[in-house]
Amino acid sequence: MNKTCFGNNQWNPDEFIQAYTFRFTETPDFTQEDDCIASAQNPAHKEGYDNISLLTKETFGRNVKATIECSFEGKGCPEIILVEKPEKCEDGAVRYGACFEVVLYEGGVNVWRHYREDGKCSWHKRLGVIYPVSENEKHTLEVEIKENYLICAIDGQKNILRVDDLFEKFHFGITVCEGIARVYSMAVEEL
C-alpha cells in the first residue's frame, strides 16, 4: 500500500474499511480537517470523544511495516492497530474485537492485546514505555512485524516486543480515541 495522505480531498475513503471496536455502540465519522483526519469531542460517547478506526482492505503477515504521521491534544491517542477479523454487524457497521493496539499518548507508547470471547471484550497491556512526547506536534509512529516481534518506534526511538500470539494475517489500521487525535498519513510497506 502506498502512502495515503489524509488531507481534505487527498484520499478516497472507499479504499479503506471504517470500523469500530465492539466495546462501544457509537459509530461516529472522522472529522476531516485540511491536512488530516481526527477524532472530535462527542458528549454522547462514553469516553467523551469519538473512538473510530480505519482499516486496510488488504491483509498482511510478517515482514511488513506500517507508518503513520500523527499528533494529539491532551489525553488523545492516535494508534496503529492490527485487526484479525473485522465483522459486519446488523446495524451495518464493521466492528472488531481481537487486535493489537500500538498507542502513542502523552506519556510514551503502550501496546495492548485485545480479546473478544463469548461476546465479551477484554484487554491486556503488553508493553508500556514512558518517555516525553509533545502534544500538538507531529510524530512518526511505526510498527514493523518480523517473525514473532513487534518493533515499535516513535520518532525513531525503537522498542521490541516478542508476541507469540500474533495473528497469521491481519488488517493494519489506525484508531483515534480518548481525546483529540489526528492522523496525517499512513503507509504500509512489505519488507
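Looking at the range 164-178, which of its residues are open to solvent by 30 Å² or more (accessible area, probe 1.4 Å) and more than 30 Å from Pro43 (Cα to Cα)? Reasoning before the result, please.
In the first step, residues of the range 164-178 are kept if they are open to solvent by 30 Å² or more (accessible area, probe 1.4 Å); the result is 164-165, 168-169, 178.
Answer for the range 164-178, where residues must be open to solvent by 30 Å² or more (accessible area, probe 1.4 Å) and more than 30 Å from Pro43 (Cα to Cα): Asp164, Asp165, Glu168, Lys169.
Pick from the range 87-116 the residues that are touching a residue at least 12 places away in the same chain (Cβ under 8 Å) and among the charged types (D, E, K, R): which of them is nearest to Leu166 (Cα to Cα)?
Here the residue is Arg113.
Residues of the range 37-59 being out of contact with any Ser or Thr (no Cβ under 6 Å at 6 or more places or on another chain), among the hydrophobic types (A, V, I, L, M, F, W, C) and either in a strand (DSSP E or B) or open to solvent by less than 10 Å² (accessible area, probe 1.4 Å) (or both), which ones?
Across the range 37-59, the qualifying residues are Ile37, Ile52, Leu54, Leu55.
Considering each of Tyr131, Tyr149 in turn, give the residue that is over 17 Å from the mean Cα position of the chain (by Cα), aromatic (Phe, Trp, Tyr) and over 23 Å from Leu55 (Cα atoms).
When all the criteria are applied, what remains is Tyr131.
So, of the residues in the range 17-36 that are part of a loop (DSSP other than H, G, I, E, B) and of a type in the set (Ser, Thr, Tyr), which turns out to be surrounded by the most Cβ atoms within 10 Å (Cβ to Cβ)?
Thr27
For the range 146-163, what are the residues that are assigned to a strand (DSSP E or B), touching a residue at least 24 places away in the same chain (Cβ under 8 Å) and open to solvent by 80 Å² or more (accessible area, probe 1.4 Å)?
Lys146, Gln157
Does Asp14 satisfy being outside any loop (DSSP other than H, G, I, E, B), without any contact (Cβ under 8 Å) to a residue 40 or more places away in the chain and open to solvent by 10 Å² or more (accessible area, probe 1.4 Å)?
Considered against the rule, which asks whether it is outside any loop (DSSP other than H, G, I, E, B), without any contact (Cβ under 8 Å) to a residue 40 or more places away in the chain and open to solvent by 10 Å² or more (accessible area, probe 1.4 Å), Asp14 comes out as yes.
Each row is one residue, and each column tells you yes or no for (1) touching a Cys at 6+ places or on another chain (Cβ under 7 Å); (2) at pLDDT below 95; (3) of a type in the set (Phe, Trp, Tyr); (4) buried (at least 19 other Cβ atoms within 10 Å of the Cβ).
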site: Asn63; (1), (2), (3), (4): no, no, no, no
site: Ala66; (1), (2), (3), (4): no, no, no, yes
site: Ser71; (1), (2), (3), (4): no, no, no, yes
site: Pro78; (1), (2), (3), (4): yes, no, no, yes
site: Arg95; (1), (2), (3), (4): yes, no, no, yes
site: Cys99; (1), (2), (3), (4): no, no, no, yes
site: Leu104; (1), (2), (3), (4): yes, no, no, yes
site: His139; (1), (2), (3), (4): yes, no, no, no
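The values are calculated or read from the model by the stated rules, or taken from the named source; none is laboratory data. This one's a predicted model, so the numbers in the text were calculated from it and none came from an experiment. Glycine also receives a Cβ, built like all others from the backbone with ideal geometry; neighbour counts cover every protein chain displayed. The protein model used for the area step is the full one, side chains on, heavy atoms only, and it has no ligands, DNA or RNA in it. Shrake-Rupley method; radii C 1.70, N 1.55, O 1.52, S 1.80 Å.
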